[in-house]
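This report refers to the structure that appears directly beneath it.
The values are calculated or read from the model by the stated rules, or taken from the named source; none is laboratory data. Being a predicted model, the structure only gives us computed values, none of them experimental. All Cβ positions, even for glycine, are placed from backbone atoms using ideal geometry, and neighbour counts span all protein chains on display. Note: areas computed on protein heavy atoms with side chains; ligands, DNA, RNA excluded. Shrake-Rupley method; radii C 1.70, N 1.55, O 1.52, S 1.80 Å.
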Amino acid sequence: MHDPDPYSTPPYGEPGPWAPAPPVQHPVVTSAPGVAAQAATAAPGTPVPPVPWTAPASSGVPAPPFADITPLGVSVPPVPRTAPASPGSLVPPVADSALPDAPVPPVTQTAPAPPAGAPALSFADAALPGAPASALADAPPPGTSALPIPGASTPGTSAPPVPTPTANTNPWHRYDPWAPPAPLQQTGTPTPTPEQHRARARKLLVASAVALALLSGGVGGIVGAHLERDGVGGDVVLPQVGKADTGRAPDSVAGIAARALPSVVTLHVSGDAESGTGTGIVLDTRGHILTNNHVVELAGSGGAISVSFSGGQTAKGKVVGRDTGYDLAVVQVSGVRGLTPMPLGNSDNVRVGDPVVAIGAPFDLDNTVTSGIISATDRPITAGGEASDGSDVSYVDALQTDAPINPGNSGGPLLDADGRLVGVNSAIRSADDGAGDGGGDGTESGQGGSIGLGFAIPVNQAKRVAEELINTGRATHPVIGVTLDMDYTGDGARVATKGGDDGPAVTAGGPGAKAGLKAGDVITEVDGERVHSGDELIVRTRAHRPGDQLRLTLDRDGKNLTVSLVLGSSTGG
């Protein structure tokens, strides 16, 4: 234990960072014995600066630590100092409880008489207990001149200006016991500023809004999906698009079909023991209809042909003419008005890859529309061949298409992108037996459906034959005037060694004889195009008109020869 500390300082050293600071101390000032204290008065309203304390050099007493402390944030009004009326009077301490801006009444300081023989203090306002006292600044010891006290004035004189106190570097001198306590920071981070608080509040608000939006969207999606799947009761009403314009571009499949369907008919043919269905093309307003020969030959001489139009009209038809070699026929109806002829194109303008549209009645499903492209041109095919003498074989230099064609499409149109006729659908390649056959004879031959290989008679050839059938009832065929060896297995078409009925293989006076052809010659090219068999030579020849000139390349005894030949004419059956 130790003696009581008159300054009430902490007993264990200086205050810690969270220890309460000691109150401001104002010690009582006493004067040396026998020395009257001078009246230290200041002008009203003048701040009283702290008076530095000076201890005698021989005293060994340190300066009091709280001699000049003024609490931060508290303004101390000037305290008038009045000397006591008589030596030895006590000076009451200045009240420490004065509030800011509160007037402080003047205090009269009276120093008691010091003990005999004690030296006077040099500190103006306080004396340390037990320390040698020195003379006050305003009461010099005997035999010395009085020293002026800063901030004090002698009676009858004006107070000198008080110097402004300098800031003390001791951190405890900045302690303000009346200020609100600062928040504790144990992490070492600085206290957030108001701007940082506002920024954090804005971020929190934005994050909360986003989270709420996501939660609302998720809940809404779940509820919407549930309502869409299960409904909320009542009748089910399905969404549907409104009525739109039904018009189509003229070059679209729908546009082509809309223009072509009035010119397409369905043929129902019945004979003595067979019946079938095929398709026909309206050629003119006089009722002429083009179709395949194998469609109408079922009627024979006493059969019936019924023609159905796309508008629903039905009429009876009769055969005007037909040709087996070209597999074409013309039927005419009467008493029908408002017929729409099919516009004719040019098959020489067709190229591989061109889009095409096929219309027919496959398996008696009339007005069926399919589409595809031209997959090949000048494809030599033969169809028919059911007759023992081969009189029903047709030779076609055909257009090949992948547009679906099935039994019942025979005789129907193959149209280009402008809706014009470029071919007459005639045959398909069947996957059952691999033979080319009529595509719409309606017979129970076990023929399969389309495998993407359909064949059409070029319109240029069909036009010529149809004109001849309408005008004369018979069609002419271009001929070379030679008999071919159909059993030849080599490459090319070989002229037989003898003709039918043991006659000459080269007809005397015919086109072949005039060109210099001889028996045994092998024809390898027609107009520069290779031929590989007798059937191909016939197809290439039938693609021309009688009177056309051909250039033939042939092999005679190992030598290549080229001859020029003008096609003759024969009447087909």
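It is to be established whether one or more residues within region 481-501 are at pLDDT 90 or above and in a helix (DSSP H, G or I). For region 481-501, residues at pLDDT 90 or above and in a helix (DSSP H, G or I): absent. Looking at this structure, is Asp327 surrounded by 15 or more Cβ atoms within 10 Å (Cβ to Cβ), over 20 Å from Arg420 (Cβ atoms) and within 57 Å of the chain's Cα centre (by Cα)? Spelling it out, Asp327 is indeed surrounded by 15 or more Cβ atoms within 10 Å (Cβ to Cβ), over 20 Å from Arg420 (Cβ atoms) and within 57 Å of the chain's Cα centre (by Cα).
For the condition crowded, with 21+ Cβ neighbours inside 10 Å, at pLDDT 95 or above and of a type in the set (Val, Ile, Thr), Val369 does not qualify.
Residues in region 271-327 that are touching a residue at least 12 places away in the same chain (Cβ under 8 Å), outside any loop (DSSP other than H, G, I, E, B) and polar (S, T, N, Q): how many?
Looking only at region 271-327, we keep the residues that are touching a residue at least 12 places away in the same chain (Cβ under 8 Å), and these are 271-272, 274-300, 302-311, 313, 315-327.
Narrowing further to those that are outside any loop (DSSP other than H, G, I, E, B): 275-282, 288-291, 293-299, 304-309, 315-323.
Add one more test, that the residue is polar (S, T, N, Q), and what stays is 275, 277, 279, 291, 293, 306, 308.
Selection size over region 271-327: 7.
In the set (1) touching a helix residue (DSSP H, G or I) at 6+ places or on another chain (Cβ under 8 Å); (2) under 16 Å from Thr291 (Cα atoms); (3) crowded, with 23+ Cβ neighbours inside 10 Å, Gly360 fails one condition alone, (1).
For region 526-546, which residues satisfy the criterion of being free of Cβ contacts under 8 Å to residues at least 60 places away in the same chain and open to solvent by less than 70 Å² (accessible area, probe 1.4 Å)? If the condition is that a residue be free of Cβ contacts under 8 Å to residues at least 60 places away in the same chain and open to solvent by less than 70 Å² (accessible area, probe 1.4 Å), then Val526, Asp527, Gly528, Val531, Ser533, Gly534, Leu537 are the ones that fit.
Tally time: how many residues in region 483-525 are open to solvent by 70 Å² or more (accessible area, probe 1.4 Å) and either closer than 22 Å to Tyr395 by Cα or acidic (Asp, Glu) (or both)? Outline the logic, then answer.
Just the residues of region 483-525 that are open to solvent by 70 Å² or more (accessible area, probe 1.4 Å), to begin with: 486-489, 491, 494, 497-498, 501-502, 504, 507-508, 514, 518.
Retained after the next criterion (residues that are either closer than 22 Å to Tyr395 by Cα or acidic (Asp, Glu) (or both)): 486-489, 491, 494, 501-502, 507.
The qualifying residues number 9.
So which of Gly317, Gly321 ends up being under 23 Å from Asn471 (Cα atoms), touching a Lys or Arg at 6+ places or on another chain (Cβ under 7 Å) and crowded, with 18+ Cβ neighbours inside 10 Å? Walk me through how you get there before you give the answer.
Working: Gly317 fails: touching a Lys or Arg at 6+ places or on another chain (Cβ under 7 Å).
Just a single option satisfies the conditions, and that option is Gly321.
What number of residues within region 259-270 satisfy the criterion of being open to solvent by less than 70 Å² (accessible area, probe 1.4 Å) and either aliphatic (A, V, I, L, M) or not in a strand (DSSP E or B) (or both)? Here the count works out to 8.
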